[in-house]
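Please treat every number below as a calculation from the coordinates, not as lab data. Remember, predicted model here, so these are calculated numbers, not experimental data. Backbone-built Cβ (ideal geometry, glycine too); neighbour counts: all protein chains shown.
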Amino acid sequence: MKSTTIRRWSFIHTWTSLICTVFLLMLALTGLPLIFHHEIDHLLGNEPELKQMPADTPQLNLEQLVAKAQAHRPGEAMQYLAWDEDDKNGVIAIMAATAGTEPNSSHTFMLDARTGDSVEMPSANGGLTMFLLRLHVDMFAGLPGKLLLAFMGVLFVVAIISGTVLYLPFMRRLKFATVRQDKSTRLRWLDLHNLIGVVTLTWALVVGVTGVISACADLIIAAWRNDSLTAMIEPYKNAPPLTLRAPATDLLKIAEQVAPGMTPDFIAFPGTRFSSEHHYAVFMKGSTHLTSHLLTPVLIDASDLSVTAVAGRPWYMDAMGMSQPLHFGDYGGMPMKILWAVLDVLTIIVLGSGVYLWLVRRKAAKP
Amino acid sequence: MRPRQSNFWKVFGVPLAIGLLSAGGLFAALLGDGVWDSLSWLGLGIPAVVGVWGLVRRP
């Protein structure tokens, strides 16, 4: 590599990293406890616990559950029903002033599918982990916050790539994993920055790219509404507003008939951003490990319960679905969470040592 | 160019192997539980261990 080439890459590496470092440090620090948010919420007593009942206690049907939920929060609209992953008797209900209310103003709670009793889910509506999550997702700044963080994520990816290019001239005369301990503190940290940076490269790239995709979720959902949803609900363009919602009782049976072999993940009620003004949307997930992250929506007419369409899955919705596990690290048990945390701390060290190396160089360059 | 070519593999050989193992680990746990999870712990464990080892090692 010519020295001018090195200088150019070095310039790119320095400035892309310096600009994104503060944000990346915030993301890495808030992300660290979020890896264990289930465990933390459990310890804080913020996770819902359903009461013990005989194993074969029958469940209420969906419309009965909706009625119970509406009695619990009168005057509010049902937005979503979802199924808890840990307890098959747990049905998560999300309600708000209107069906179209934005997600941060919604109220999330759990229904016991056997009794219809409401159990509060404090962790889904506030508290420590929710505070950290909001910081991590949008810094309490809504869409502009998300897009700013997405841009910082892109800079992070450029910093990783330019750092990898620079790894070659820096390491040409050194064996892998050489850390020069006795020359100077700067050299020790330069070697550590190179070593830790290069071994965490793949993980940091994957978490970075999937983070950027997740940060663009609002745009991706809007694109889906424009592309797929609008075409599917074209016949309803001039239909009068929905006055009487048909009961939700058989929604799952209807969806399972047209999407055989799939299981329900959540139901979007009419008027939410995952459905139309005239439809229930039952989001079905695949039955294999890999496809369980990919959702296929079944649109069901909310006045006569006929199936309007089984929507295709545009590639960007699949990309968003696959990004979630790969960003959260929640798909390989506790050992994976611990490794995620170690790699996160190592990334913090790479970020910190990078700033240190820049400061030392700058001081040395001054007369 | 020739000496630089060999430089490339000398410098990037081990990091590339670790990168491929990490990628395999990230992907493995998406495919299933049990053995697949263990494979992912192995794949992601190697970069984690090498990184921490570099940090705590003293001459």
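Per-residue extension of 0.36 nm, minus the Cα-Cα distance of residue A:222 and residue A:356, leaves a gain of 44.1 nm for this segment. Once the Cα-Cα distance is subtracted from the 0.36 nm per residue extended length, the residue A:180 to residue A:291 segment shows a gain of 35.3 nm.
Between residue A:71 and residue B:33, the C-beta separation translates, for a Förster distance of 51 Å, into a calculated FRET efficiency of about 0.85. Above 16 angstrom, tally the Cα pairs of chain B and express them as a % of all pairs, no decimals. That fraction is 56 percent.
Per-residue shielding of A:334-342, expressed as the average number of other chain Cβ atoms within 10 Å of the residue Cβ, stands at 5.
Across the range A:121-221, Cα-Cα distances exceeding 23 Å account for 47% of all pairs. Using the Cβ of residue A:300 as centre and a radius below 14 Å, the other residues enclosed give a net charge of -4, where K and R count +1 and D and E count -1.
log₁₀ I(q)/I(0) of the protein assembly as shown at q = 0.06, 0.11 Å⁻¹, via Debye over equal Cα point scatterers, no solvent, to two decimals? Rounded to two decimals, the profile gives -0.32, -0.92. Separation of the range A:303-367 and the range A:47-119, taken as the distance between their Cα centroids, equals 30 angstrom. Charged neighbours of residue A:175, selected by a Cβ distance under 12 Å, balance to +3 (K, R count +1; D, E count -1). For chain A, the number of Lys pairs with C-alpha atoms closer than 30 Å, counting only pairs eight or more positions apart or on separate chains, is 25. Seen against the Cα atoms of chain A and their longest principal axis, helix A:142-171 is set at about 30 degrees.
Across the range B:2-56, Cα pairs under 8 Å and at least six residues apart give a relative contact order of 30 percent. Comparing A:210, A:263, A:288 in a Gaussian network model of chain A (Cα springs below 10 Å), the most mobile by mean-square fluctuation is A:288.
Per-residue ellipticity at 222 nm from helix content only, as computed over chain A with -39500 (n - 2.57) for each DSSP H run of at least four residues, stands at -17000 deg cm²/dmol.
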